[in-house]
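The values are calculated or read from the model by the stated rules, or taken from the named source; none is laboratory data. A quick note: this is a predicted structure, and the numbers were derived from the prediction, not measured. As a convention, Cβ positions derive from the backbone with ideal geometry for all residues, glycine included, and neighbour counts pool all protein chains shown. Just the protein is used for accessible areas: all its heavy atoms, side chains included, with ligands, DNA and RNA removed. Shrake-Rupley method; radii C 1.70, N 1.55, O 1.52, S 1.80 Å.
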Amino acid sequence: MIAFDDITAPRPVYDETAARYRVFEAELSAASSGEAAAEVVRRWDALRRELETWSNLVNLRFSQDTANEAFRKERDYRDEIAPRLTDLDVRVKRLLLAHARRADLEKQFGPHAFALWECDVLAFDPAIQEPLVRESKLCAEYDQMIAGAKLAFRGETLNFSDLVKYREHEDRQIRHEAEAVRWQWFAENRAQLDHLYDEMVRLRHGMARTLGYDGYVALGYRQMNRTDYGPADVARFRAEVREHLVPLAAELRGRQAAALGVERLMLWDEGVEDLRGNPVPQGDHDWMLDRATEMFDAMGSELGGFFRLMRGGKLMDLKNRDGKRFGGFCTSFPTHGVPYIFGNFNGTKQDVHVFTHEMGHAYQAWRSRGKVLMDTLWPTYEAAEIHSMSLERLTAPHMEKFFGDDAERFRRIDLAQALTFIPYGVAVDHFQHLVYERPEASPAERHAMWQEVERMYLPWRDYGGLPHASEGGLWQFQRHIYLRPFYYIDYTLAQTCALQFWARAQRDVKDAMAAYHALCARGGEAPFQDLVRSAGLASPFEAGCLKGVVENARRALN
Ligand code: ZN
């Protein structure tokens with residue numbers, strides 16, 4: 001059994017690491033056989049795993065306590081050294097791409113690794129090291145601002161995680177107050193948030209120009225390691241969402257208004273589906289983990305055994321605390337082959353989502369831990385989100401464990417929200433395309449861009465005079481827009497796949513689970529659409545895919 005406390009990795013010293021890389025470079029250049037070159041690749045990979053484990057530990061500790069000075073300093077050190085380590089990696093990747101024995105190496109490590117390295121090489125040059133360090137600092141600043149927010153609400157001081165339960169409260173007045181408090185904080189911090197993003201956009205555009213791109217969009221796609229689709233495919237997918245899904249989502253919002261007995265659905269109503277309020281898990285953190293153990297056991301020995309390993313090894317931190325980063329994520333320690341999940345339970349149904357979602361990532365990381373190269377332990381993000389979002393869907397039949405008699409209501413709400421999420425997700429994506437296509441735009445113009453995409457994808461939305469949000473500022477709460485440009489579309493592509501898994505499980509659970517396990521075991525050995533098709537799913541970029549998904553869901557909801 002691997003326990004979290006036993007996981008350590010040496011803190012890298014740049015000069016020593018660079019010396020080891022120089023040896024790899026010399027050996028690779030001299031390698032005259034495929035086997036000799038492959039042997040160097042394996043040693044390089046072992047060092048990269050060590051560096052990755054260290055980096056992920058540093059990030060995890062900072063996320064667990066963003067106010068801790070020592071953790072923040074260590075994260076700063078990591079952010080400063082990271083672009084220089086990337087430089088070392090890129091030099092090796094360049095050698096591999098041009099290697100005389102490349103064909104032998106491709107046979108051994110797979111062609112996809114080479115496609116990924118090609119992206120990495122085209123997305124980096126030592127000339128952008130400094131802006132990369134600056135970008136990391138701005139990202140940490142955003143996280144610290146959000147994590148440090150102290151919100152005065154009905155005599156309590158809350159953070160954004162605490163506030164969620166009031167935003168979803170059954171009492172409309174409380175929901176409205178919670179939203180007013182949330183957006184008031186943003187209104188008060190608008191200048192700093194605008195300034196942060198403005199600097200990020202200019203930095204990213206500048207890096208793209210330095211690397212010879214017209215603008216950041218192309219570089220952003222490369223940084224996301226997208227090898228089998230581009231902006232035109234994504235634009236077509238967004239158009240399909242407008243055509244097939246926005247009307248259904250609008251209809252669902254209309255039903256929601258009727259169920260809530262309100263004339264107009266306001267922003268503060270969107271998170272609640274009926275007058276009973278949202279179903280909530282019927283116990284606390286420890287109780288949830290006990291129910292999860294039962295649930296995963298019932299889903300088969302693979303998931304059951306894996307969850308016991310995670311729990312036994314203390315490979316999770318799910319309790320909400322002050323200073324802890326908002327949201328959830330899964331990380332991994334490739335030297336030890338184990339993942340770790342992070343979240344902030346707040347007593348809402350969100351807890352079940354975040355938990356099953358991050359467990360899906362973790363399970364995939366565990367299943368594919370034996371991949372020879374670090375590059376293929378995880379797939380690219382849109383494929384990785386299939387594992388997580390599908391597990392949210394595949395655990396649906398077991399929700400009685402968490403919600404008791406309210407489970408059926410949870411399932412209906414959950415399906416409706418999975419669908420209404422997609423228009424929001426593509427709006428976030430479309431917004432970023434607009435932003436990076438016009439990097440010189442002013443902060444005020446960016447807020448207008450957000451309002452423009454809202455009209456396209458979220459036509460029902462009504463802020464009723466809430467501060468900040470009613471002036472086009474909602475996007476500033478979306479962390480990915482600041483920290484992970486162009487990531488967000490990945491959730492919508494993955495949701496389109498997860499909904500296919502769900503439809504399949506309705507017909508035949510065994511078949512769906514078998515395909516799910518097999519997909520997880522493939523890790524990142526192939527690009528997105530290849531992985532999707534191998535699991536018997538249609539690619540979201542195929543004409544008619546989304547339409548079929550929407551029709552299925554519409555039937556289930558009626
Ligand atoms: Zn995820």
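Things to note:
- Pair list, Cβ < 9 Å and 6+ apart or interchain, from region 39-57 residues that are under 21 Å from residue 3 (Cα atoms) to residues that are assigned to a helix (DSSP H, G or I) and of a type in the set (Ser, Thr, Tyr): 51/17
- Qualifying residue in region 518-531 (condition: over 26 Å from residue 397 (Cβ atoms), surrounded by fewer than 19 Cβ atoms within 10 Å (Cβ to Cβ) and modelled with pLDDT of 95 or more): yes
- Residues in region 475-491 that are open to solvent by less than 20 Å² (accessible area, probe 1.4 Å), part of a helix (DSSP H, G or I) and not polar (S, T, N, Q): 475, 481, 482, 489, 490.
- Cβ pairs under 8 Å, 6+ apart, first in region 349-374 and open to solvent by 10 Å² or more (accessible area, probe 1.4 Å) and within 11 Å of the ligand (Cβ to nearest atom), second β-branched (Val, Ile, Thr) and not in a loop (DSSP other than H, G, I, E, B): 358/341; 361/341
To keep it simple, each residue is scored yes or no on (1) surrounded by fewer than 17 Cβ atoms within 10 Å (Cβ to Cβ); (2) on the phi < 0 side of the Ramachandran plot; (3) among the basic types (Lys, Arg).
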position: 100; (1), (2), (3): yes, yes, no
position: 123; (1), (2), (3): no, yes, no
position: 128; (1), (2), (3): no, yes, no
position: 136; (1), (2), (3): no, yes, no
position: 150; (1), (2), (3): yes, yes, yes
position: 161; (1), (2), (3): no, yes, no
position: 177; (1), (2), (3): no, yes, no
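- Test: residue in region 458-469 that is part of a helix (DSSP H, G or I), more than 16 Å from the ligand (Cβ to nearest atom) and surrounded by 19 or more Cβ atoms within 10 Å (Cβ to Cβ): yes
- Some residue of region 295-302 being open to solvent by 40 Å² or more (accessible area, probe 1.4 Å) and not in a helix (DSSP H, G or I): no
- Region 313-338, residues that are touching a His at 6+ places or on another chain (Cβ under 7 Å) and open to solvent by less than 20 Å² (accessible area, probe 1.4 Å): 318
- Qualifying residue in region 430-438 (condition: under 24 Å from the mean Cα position of the chain (by Cα), farther than 30 Å from residue 331 by Cβ, open to solvent by less than 10 Å² (accessible area, probe 1.4 Å) and β-branched (Val, Ile, Thr)): no
- Residues within region 27-37 that are under 13 Å from residue 93 (Cα atoms) and not hydroxyl-bearing (Ser, Thr, Tyr), tallied: 2
- For region 389-408, filtered to residues that are of a type in the set (D, E, K, R) and crowded, with 17+ Cβ neighbours inside 10 Å, the residue that is nearest to residue 359 (Cα to Cα) is 392.
Here is a yes/no grid of residues against (1) closer than 20 Å to residue 224 by Cβ; (2) out of contact with any Pro (no Cβ under 7 Å at 6 or more places or on another chain); (3) not aromatic (Phe, Trp, Tyr):
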site	(1), (2), (3)
488	yes, yes, no
495	yes, yes, yes
500	no, yes, yes
510	no, yes, yes
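- Some residue of region 310-321 being within 23 Å of residue 280 (Cα to Cα), within 14 Å of the chain's Cα centre (by Cα) and within 16 Å of the ligand (Cβ to nearest atom): no
- The number of residues in region 13-31 being touching a residue at least 60 places away in the same chain (Cβ under 8 Å) and either under 27 Å from the mean Cα position of the chain (by Cα) or open to solvent by 20 Å² or more (accessible area, probe 1.4 Å) (or both) comes to 3.
- Residue match in region 77-92 (condition: modelled with pLDDT of 95 or more and not in a helix (DSSP H, G or I)): no
- The residue pairs whose first member lies in region 490-506 and is within 12 Å of the ligand (Cβ to nearest atom), whose second member is among the aliphatic types (A, V, I, L, M) and open to solvent by 10 Å² or more (accessible area, probe 1.4 Å), and whose beta carbons are closer than 7 Å, counting only pairs six or more residues apart or on different chains, are 494/389; 495/389; 498/389.
- Pair list, Cβ < 6 Å and 6+ apart or interchain, from region 538-550 residues that are within 15 Å of residue 234 (Cβ to Cβ) to residues that are buried (at least 18 other Cβ atoms within 10 Å of the Cβ) and of a type in the set (Gly, Ala, Ser): 545/538
- Counting only residues that are more than 16 Å from the ligand (Cβ to nearest atom) and under 21 Å from residue 292 (Cβ atoms), region 375-406 holds 11 of them.
- A count restricted to region 35-82 and to residues that are under 19 Å from residue 137 (Cα atoms), among the small types (Gly, Ala, Ser) and open to solvent by less than 20 Å² (accessible area, probe 1.4 Å) stands at 1.
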